[in-house]
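Values in this text are rule-based calculations from the coordinates and carry no lab data. Just so it is clear, the model here is predicted, and its values are computed rather than measured. All Cβ positions, even for glycine, are placed from backbone atoms using ideal geometry, and neighbour counts span all protein chains on display.
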Amino acid sequence: MGEVIGRLIDVMHGRLVPLEGVKSVMVHFRDREGEVERFYADVRRLRGVVTLYGPRGAGKSTLMRLMGEGIREVGGFEDTLFVRYSFAEVMIEEAHVSIPGVNEGSVREVINALEDAANGVSLNLSPFGLAGALVKPIILLSRAIRSRAELRGRDNVVVVYDDVDKFLRRYGGYDVLEAIANATADVITEHDAPVNAVFTVSDQAAVAAAGRLGSKGRVYLLWNLPRGAFEDVVNEAAGIMNVGNVDTELLWNLMGGNMRELGILAGNYNWDVKAWLQGVIMRVTAALEGYGRVREIKSISEVLARLIRKGKSAADAYGLGEFVGQPDAVEGYFNLLEENIMIYLGMPGCRYLSELPREPWVGGRFAYQIPAYYWALRAMIERGSVNVDSDDVIKVINKSRN
């Protein structure tokens, strides 16, 4: 199987993907060898509901899309059937079906039915109706595998519900995700279907909802790109856009391999790091302000003071030394988890598809989704005030380098 996976990865590495936010800039897909190998090793021996989560912009959607497309080109996946539904905010935006080793004309009826299932998903459905619409492809597949000679032997079926939290955010709440995932697990068991139903999510509330499945589900973490691959992408994108003097080390310390934020920097801010970083500071500040409003705390300064008091106590209890915003001391409190400033790494039974970097913004149980959030909060903690700017944050980063 290792040779087949190697060929799949080679195909994926040959693809150009748009830099998010700058659709005209196409960069090479990089890295992810370990993630692909670990993912396929598990889906070949297990079945059930899978939650794939990680920071926004880590590349979950790109990975799932390229894997689905790649297996059509690589021999050795004749036992596989890969279906991906990509969600927009109000409906399924795209349906993609890959059935390696089969003439598509001979199973066109099945493909059409799977693609048509996407049309049955909308904001107008009741929770019961939505659950029924989303499990329909699994029922269709389990019946088709049994009844059609061309599909017999397909014991590695992957159905991806990509960015489902984007849709559910508009739908009205993530409790529906828990109900849908439960219903999906029950259908897989009832039909004895060789299916892994993969829900990709980024929002922490959606992750928590999916995590309540317990033994019915599995949880996987995909992280941002590692440093070497990220710096290669930065240099490639900067070269395409004729941008010189890019400080790749600084960008690593600000973005930690997050492709979404790199696209925002290039597309929305024309590579102006300080202007981009000011937006990051505003996001952290807004999260703290939101915490204060809900709890009727008079000022954001008092919210920060409480965070510092709590953090110092936790850092001392956990033996982390002086409190400077370490993720395991902050623990996602003060609205930082809810606003996706931080992410929880300790989901029960979570399997890490990616190796996490050994950096100060990544702890054992919590991490900042991008390191710029860590440095911004650290600058506030060191100053004792939320009134910091981009220069203050960069000074803190430079001081830590020395």
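Some values worked out for this structure:
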item: Rounded tilt (10° steps) of 273-294 against the dominant C-alpha axis of the chain; result: 90
item: Long-range amide H partners of Val50 with built H, under 5 Å; result: Ala197, Val198, Phe199, Arg218
item: Cα gyration tensor category, rounded, prolate or oblate, for the stretch 68-225 with a/c compared to 1.5; result: prolate
item: Eligible aspartates and glutamates near Lys298 by straight Cα distance, threshold 20 Å, same-chain separation 8 or greater; result: Glu289
item: Lysines with Cα under 23 Å of Lys60, excluding same-chain neighbours fewer than 8 positions away; result: Lys23, Lys166, Lys216
item: Counted charge near Leu353, where neighbours are those whose Cβ lies closer than 14 Å (Asp, Glu -1; Lys, Arg +1); result: -1
item: Helix-only [θ]222 nm of the chain, DSSP H runs n ≥ 4, -39500 (n - 2.57) each, per residue, nearest 500; result: -15500 deg cm²/dmol
item: Reach of Lys399 by Cα under 19 Å, taken over lysines that are not fewer than 8 positions away in the same chain; result: Lys274
item: Positive-pole candidate from Ser354, Val273, Val27, dipole of the chain, charges at beta carbon; result: Ser354
item: Beta bridges per DSSP with both ends in the chain, % antiparallel, nearest 5; result: 40
item: Selection of GluC sites (Glu not before Pro), the stretch 284-341, meeting DSSP coil and at most 12 other Cβ within 10 Å; result: Glu296, Glu322
item: Protection-proxy order for peptides 134-141, 269-276, 150-157, 53-60, each taking the mean of Cβ atoms within 10 Å per residue, highest first; result: 53-60, 134-141, 150-157, 269-276
item: Only Lys, Arg (+1) and Asp, Glu (-1) charged, at Cβ; the chain dipole about Cα centre in debye; result: 680
item: The stretch 135-178 versus the stretch 57-79: alpha-carbon centroid distance in Å; result: 16
item: Between helix 127-147 and the chain: long-axis angle, C-alpha atoms, 0 to 90°, nearest 10; result: 40
item: Relative contact order [Cα under 8 Å, 6+ residues apart], the chain, whole percent; result: 19
item: Shape category assigned to the stretch 132-287 from the gyration tensor of Cα positions, a/c cut at 1.5; result: prolate
item: Over the stretch 32-221, relative contact order from alpha-carbon pairs under 8 Å, at least 6 apart, %; result: 33
item: Cα-based helix-to-principal-axis angle, 2-13 vs the chain, degrees rounded to 10; result: 60
item: Shape category assigned to the chain from the gyration tensor of Cα positions, a/c cut at 1.5; result: prolate
item: Centroid-to-centroid separation of the stretch 1-49 and the stretch 226-295 [C-alpha atoms, Å]; result: 24
